[in-house]
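Asker: Encoded as structure tokens, here's the structure I'll be asking about.
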Amino acid sequence: MTDYHKMWNVIGLDLEKHDKLLNVLRAIYSDVYLSQKNRPKGMEYFDFVISEVHGLRIKELLEHKAKGGKVVGTFCVYVPDEIIMAAGGVGVGLCGGTQFSIPDAQKILPQNLCPLIKSAFGFKLAKICPYFEVADFLVGETTCDGKKKVWEILNDYAPIHVMEVPHMKKNRDKELWFKEVKAFKEKMEEESGIKITPELLEEKIKLVNKKRLALKRIFEVRKALPPPISGKDALLISQIAFYDDVERFTKKVNELYDELEDRIKKGIGIVKKDTPRIMICGCPMALPNWKLHHIIEESRAVVVCEESCVGTRYFTHMVKEDCPSMEEKIKAIADRYLKINCSCFTPNEERIEQIVQYTKDFKVNGVIYYTLQFCHTYYMEFIKVKSALKKANVPVLEIITDYSPGDEGQLKTRVEAFIEQILQ
Ligand code: BJ8
């Protein structure tokens with residue numbers, strides 16, 4: 001195994017703390033992922049990516065920077081990847097998914113704040129995330145209140161550009177968002193020194209659409225009875241989508257898709273045909289948050305869909321291709337991103353309708369609605385989701401949790417009881 005300590009030292013990581021983090025992650029990964037039986041062979045690539053996520057990928061990003069390219073840290077699926085790439089940049093997701101960094105964050109941030117925000121902030125404060133350290137600048141957004149205010153504090157540690165995401169989808173909101181996307185293109189041009197041409201943008205629009213399509217195909221095969229891949233593995237692929245090289249990732253996901261199709265033809269499932277099928281809806285699960293999937297799949301059920309930003313919200317809509325002018329291309333990008341149904345929007349009926357539709361498409365036996373503590377918008381939106389699922393006759397369990405292992409026993413008991421109820 002390559003020793004990356006010299007590289008980590010150069011980028012300014014706290015080596016001792018970072019070593020501890022890696023040891024914790026390796027142990028969890030081995031327990032949650034490598035213990036699975038009958039995994040598709042194509043998952044070997046994703047295991048490799050995880051084993052090198054703070055090593056080889058960081059080396060690649062440093063090489064990219066050495067050639068003059070920019071690395072841009074993002075926290076939300078509203079930030080348009082196509083624009084970052086058209087300016088020769090690489091986008092990396094910086095949302096935090098581990099309890100490990102939270103005590104550091106709480107030295108500054110309040111305790112009663114969403115763990116995803118605290119975990120990310122703690123990474124920067126403790127200097128244990130190499131992605132934060134190699135990022136030239138960060139892009140925040142005005143989605144939820146917690147994120148909005150943390151950018152002001154994070155700005156003391158790293159330069160940050162904030163995109164104003166509207167909270168409604170009226171014409172005036174669309175106009176505002178179009179201007180924000182345009183301003184982001186200008187920001188990327190200024191940072192990179194590269195003039196984004198219509199040709200460059202078109203090329204990247206097509207590239208990112210291909211990546212979305214590859215992810216969509218993985219979700220399509222999960223509709224099979226039984227699914228050919230576990231929910232944990234599908235989640236891992238969605239999480240890696242925020243870090244890996246876009247072309248390589250797309251190729252590997254498509255290869256995996258071919259293998260999964262073959263499995264379906266041969267009748268090879270990851271579980272037995274009558275295994276209860278669960279859909280998870282709600283807050284995103286940033287790497288390495290595998291807590292709920294692991295509990296569900298250890299409880300004789302299988303996760304077949306994530307209605308989440310590490311799931312359907314990431315890939316569902318494509319950017320319209322071949323728009324003639326730059327103005328129209330920017331509009332196509334703005335339109336696509338504004339279709340994402342984050343609970344920060346009001347009203348958000350399309351999300352509710354999509355959830356009900358997914359329960360049919362993925363032949364779901366039960367929904368687990370997942371809210372991170374102190375995430376008010378997803379929490380509140382559950383009221384409407386619950387009522388729509390009741391009408392559709394789909395059982396639902398609400399889970400509100402954080403990243404700590406403290407409630408795992410209690411969650412397991414609740415999930416098992418829910419699955420028992422489905423089985424009856
Ligand atoms: S588009 S879900 S990635 S904002 S940070 S809202 S969990 S309280 S991450 Fe998100 Fe963009 Fe929306 Fe998706 Fe709640 Fe926590 Fe806020 Fe969060």
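Asker: Considering only segment 267-287, how many residues are part of a loop (DSSP other than H, G, I, E, B) and more than 16 Å from the ligand (Cβ to nearest atom)?
Answerer: Residues in segment 267-287 being part of a loop (DSSP other than H, G, I, E, B) and more than 16 Å from the ligand (Cβ to nearest atom): 10 in total.
Asker: Next up: Within the bounds of segment 203-212, is there any residue that is modelled with pLDDT of 95 or more, under 25 Å from residue 35 (Cα atoms) and surrounded by 22 or more Cβ atoms within 10 Å (Cβ to Cβ)?
Answerer: Checking segment 203-212: not a single residue is modelled with pLDDT of 95 or more, under 25 Å from residue 35 (Cα atoms) and surrounded by 22 or more Cβ atoms within 10 Å (Cβ to Cβ).
Asker: From the list 59, 17, 67, pick out the single residue that is within 23 Å of residue 207 (Cβ to Cβ), of a type in the set (Lys, Arg) and surrounded by 13 or more Cβ atoms within 10 Å (Cβ to Cβ).
Answerer: The unique qualifying residue is 59.
Asker: Cβ contacts < 9 Å: first residue in a loop (DSSP other than H, G, I, E, B), restricted to segment 299-317; second residue basic (Lys, Arg), any location; separation 6+ or different chain. Result?
Answerer: As it stands, the answer is 299/412; 301/277; 316/212; 316/216; 316/339; 317/212; 317/336; 317/339, since those pairs meet every condition given.
Asker: Among the residues of segment 19-48, what is the count of those that are among the charged types (D, E, K, R) and within 21 Å of residue 405 (Cβ to Cβ)?
Answerer: Residues that pass the stated criteria total 4.
Asker: Taking the conditions exactly as written (among the hydroxyl-bearing types (Ser, Thr, Tyr), farther than 19 Å from residue 39 by Cα and either in contact (Cβ under 8 Å) with a residue 40 or more places away in the chain or touching a Phe, Trp or Tyr at 6+ places or on another chain (Cβ under 8 Å) (or both)), does residue 250 satisfy them or not?
Answerer: Criteria met by residue 250.
Asker: Let me ask something additional. Identify all residues within segment 8-19 that are in a helix (DSSP H, G or I) and touching a residue at least 60 places away in the same chain (Cβ under 8 Å); write none if there are none.
Answerer: Result: 8, 17, 18.
Asker: Quick one: residue 371 ticks every box in (1) more than 20 Å from residue 175 (Cα to Cα); (2) of a type in the set (Ser, Thr, Tyr); (3) more than 9 Å from the ligand (Cβ to nearest atom) bar one, so which box is it?
Answerer: (3)
Asker: Among the residues of segment 352-403 satisfying the criterion of being basic (Lys, Arg), in a helix (DSSP H, G or I) and under 21 Å from residue 417 (Cα atoms), which is nearest to the chain's Cα centre (by Cα)?
Answerer: 386
Asker: Another question, if that's okay. Which members of segment 49-66 meet the condition of being outside any helix (DSSP H, G or I) and among the β-branched types (Val, Ile, Thr)?
Answerer: Selection gives 53 alone.
Asker: Scanning for something modelled with pLDDT of 95 or more and farther than 21 Å from residue 46 by Cα, does segment 282-294 turn up at least one residue?
Answerer: Yes, because at least one residue in segment 282-294 is modelled with pLDDT of 95 or more and farther than 21 Å from residue 46 by Cα.
Asker: Among (1) more than 9 Å from the ligand (Cβ to nearest atom); (2) part of a loop (DSSP other than H, G, I, E, B); (3) touching a residue at least 60 places away in the same chain (Cβ under 8 Å), which single condition is residue 109 missing?
Answerer: Among (1) more than 9 Å from the ligand (Cβ to nearest atom); (2) part of a loop (DSSP other than H, G, I, E, B); (3) touching a residue at least 60 places away in the same chain (Cβ under 8 Å), residue 109 violates only (3).
Asker: Taking residue 334 as meeting all but one of (1) surrounded by 20 or more Cβ atoms within 10 Å (Cβ to Cβ); (2) more than 16 Å from the ligand (Cβ to nearest atom); (3) among the small types (Gly, Ala, Ser), write down the number of the exception.
Answerer: Only one criterion is unmet by residue 334, namely (2).
Asker: Suppose we filter segment 383-422 for residues that are touching a residue at least 24 places away in the same chain (Cβ under 8 Å) and surrounded by 12 or more Cβ atoms within 10 Å (Cβ to Cβ); how many remain?
Answerer: 25
Asker: Suppose the filter is surrounded by fewer than 17 Cβ atoms within 10 Å (Cβ to Cβ) and either small (Gly, Ala, Ser) or farther than 30 Å from residue 253 by Cβ (or both); does residue 158 pass it?
Answerer: Yes; evaluated as a whole, the condition is true for this residue.
Asker: Determine, yes or no, whether residue 91 is closer than 29 Å to residue 5 by Cβ and in a helix (DSSP H, G or I).
Answerer: When the stated conditions are applied, residue 91 does not pass them.
The values are calculated or read from the model by the stated rules, or taken from the named source; none is laboratory data. None of the values given here were measured: they were computed from a predicted structure. Here the Cβ is made from the backbone with ideal geometry for all residues, glycine too, and neighbour counts use every protein chain on show.
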